[in-house]
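Report on the structure given below.
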Amino acid sequence: MITSRHMLVAMSALLCTPLSLLGQNTSQSPATSGTQVESQELKPSWISSNVAMGERSDLNVGVAGSYGYDTAVNNIPNVSSQFTSLQGTLGMASRSRTSYFSLRHDATFQLFPGSGLDMQQYQWTTLNLTHSPSRRTTWGVNAANGYGADAARASSSLSLAAVNTTAIDNNSVLAGVISGNTLRQYVSAIVDHQTSETSAVSLGANLGFQNFLGAAPSTRQYDVTGSVRKYLSEAFLVGVRADGVQQYYGNGSCTTSTVLGFATLQLTNSVKLDGGAGPAFGASQCTGSYQYQVVLSAEGYRGRRAYVGTSRKRGNGDVAGSLWETSGFGGMQVGNPRQFTAALNGGYTSYHSGVVTAQNNDLSGYFVSVELHRPISNNAEWTFTARHFERSAASTVPVGATPVADLSRTVFFVAFNWNKQNGGRYGR
């Protein structure tokens with residue numbers, strides 16, 4: 001028989017907008033943050049409805065220092081410099097038998113000695129509240145606020161503002177198009193109800209605001225989503241998801257909707273295939289006429305992972321003006337997390353804008369990221385990170401206007417990371 005536990009871990013079928021920008025599990029270590037495949041079958045990482053057996057509260061503190069080199073500081077071509085960086089994180093979490101609450105802040109500060117460049121900073125705060133009023137029902141609210149130099153995300157080793165290299169969310173391809181500060185705010189809510197031992201329904205809403213502070217047209221996005229899903233067997237999940245979205249980009253706006261059929265097939269104990277496809281309705285410049293996603297992933301002994309996939313989906317505005325995106329991506333991680341791990345991730349994405357202007361082009365680009373982790377204790381590790389990004393403008397712009405500059409950027413750095421979690425149970 002398929003147990004209720006299987007259905008509780010199927011909640012990601014709800015959300016069309018990637019949630020990796022909205023927050024992470026507070027217990028996530030730097031060694032595991034870059035290669036986890038986002039699956040149709042797994043819940044969003046911030047939904048923790050499988051509540052712990054006992055009650056617990058935790059305080060999480062982390063510090064990292066790094067030294068490296070950036071070939072395009074502030075995303076400005078040919079402005080290169082060495083840099084030193086200090087990152088810190090402070091978070092708290094409280095868990096009971098039916099609820100989970102967390103609040104976390106991450107800060108990044110970067111200096112460019114000998115270059116005359118100003119200090120850069122990026123501040124990222126997340127809040128999460130999850131509650132399970134019954135065995136079959138879970139709801140959650142998640143919020144995030146980010147402010148600072150968009151380019152600083154590419155050279156952070158600890159902060160959650162760092163470039164995100166999860167498989168599905170390829171907004172990191174351009175590592176922030178903007179040269180300057182940005183203000184990003186997100187709110188998501190979800191209600192998931194298990195209707196039987198093998199089926200469930202979800203309803204949710206998402207709000208996203210991207211203010212590029214004059215460097216590019218700001219964007220807003222509001223959407224509502226709903227899904228139904230069912231296990232046909234312990235290895236085969238199918239479902240249907242629908243959404244409606246209102247997008248604002250500069251002076252323009254779009255109202256669109258999609259219907260997506262999806263499935264997850266566990267091919268072997270370690271190999272899984274996720275896929276989905278469906279039509280998109282609305283103005284063609286806003287979403288095209290269809291969406292799809294296919295990911296083949298494998299996870300082996302001691303956290304060895306590999307994935308490859310492709311997707312075409314609605315954009316969330318994180319890259320200035322992007323209304324929909326087409327991506328190809330892949331990656332792998334090898335090693336023993338207690339001794340040494342190496343991760344390689346890469347991808348290509350084409351971003352489509354609603355209205356082409358000097359500041360708001362159709363863009364395309366790719367990234368390659370290599371990360372090496374060497375733990376030296378339960379709480380500390382050395383890392384080496386190298387990231388390369390390419391972008392180019394793919395559209396013509398109005399006569400007399402200057403298009404977004406093509407960019408080739410390489411960042412590499414060595415970092416020392418220390419993270420400590422303190423807490424304990426206060427119940428059975």
Can we say SER134 is within 30 Å of SER196 (Cβ to Cβ) and part of a loop (DSSP other than H, G, I, E, B)?
-> yes
LEU344 vs. criteria within 29 Å of THR182 (Cα to Cα), touching a strand residue (DSSP E or B) at 6+ places or on another chain (Cβ under 6 Å) and modelled with pLDDT under 80 = no
Taking only pairs six or more apart or across chains, which ones have beta-carbon atoms under 6 Å, a first residue in segment 371-395 that is among the hydrophobic types (A, V, I, L, M, F, W, C), and a second residue that is part of a loop (DSSP other than H, G, I, E, B)?
-> PHE389/ALA175; ALA393/ASN361; ALA393/PRO403; ALA393/VAL404; ALA394/ASP362
Mind checking whether some residue in segment 309-316 is of a type in the set (D, E, K, R), at positive phi and free of Cβ contacts under 8 Å to residues at least 40 places away in the same chain?
-> no
Flagged in segment 137-153 as outside any strand (DSSP E or B) and either open to solvent by 10 Å² or more (accessible area, probe 1.4 Å) or of a type in the set (Lys, Arg) (or both), in numbering order, are ARG153
In this structure, is VAL224 farther than 30 Å from ALA154 by Cα and open to solvent by 50 Å² or more (accessible area, probe 1.4 Å)?
-> yes
What about PHE236, is it under 19 Å from VAL141 (Cβ atoms) and either out of contact with any His (no Cβ under 9 Å at 6 or more places or on another chain) or in contact (Cβ under 8 Å) with a residue 40 or more places away in the chain (or both)?
-> no
Given GLN87, GLN110, which one is buried (at least 16 other Cβ atoms within 10 Å of the Cβ), under 21 Å from the mean Cα position of the chain (by Cα) and polar (S, T, N, Q)?
-> GLN87
Residue selected from segment 218-273 under the condition of a type in the set (D, E, K, R) and assigned to a strand (DSSP E or B), by the criterion farthest from ARG312 (Cα to Cα) = LYS230
Which condition number in (1) of a type in the set (A, V, I, L, M, F, W, C); (2) modelled with pLDDT under 60; (3) closer than 17 Å to ASN75 by Cβ is the one that ALA401 fails?
-> (3)
Go through (1) at pLDDT below 90; (2) part of a strand (DSSP E or B); (3) farther than 30 Å from ALA393 by Cβ one by one and return the number of the condition GLU197 breaks.
-> (2)
Kindly indicate whether TYR292 is of a type in the set (Phe, Trp, Tyr) and at pLDDT 90 or above.
-> yes
Filter segment 308-338 down to residues that are assigned to a loop (DSSP other than H, G, I, E, B) and among the small types (Gly, Ala, Ser) and give me whichever is modelled with the lowest pLDDT.
-> ALA320
Filter result for the condition that a residue is under 30 Å from PRO77 (Cα atoms), hydrophobic (A, V, I, L, M, F, W, C) and open to solvent by 30 Å² or more (accessible area, probe 1.4 Å), over LEU203, LEU267, LEU183 | LEU183
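The values are calculated or read from the model by the stated rules, or taken from the named source; none is laboratory data. Computed from a prediction, not measured in an experiment: that's the story for all the values here. Glycine also receives a Cβ, built like all others from the backbone with ideal geometry; neighbour counts cover every protein chain displayed. Remember, those area values only see protein heavy atoms, side chains included, never the ligands or the DNA or RNA. Shrake-Rupley method; radii C 1.70, N 1.55, O 1.52, S 1.80 Å.
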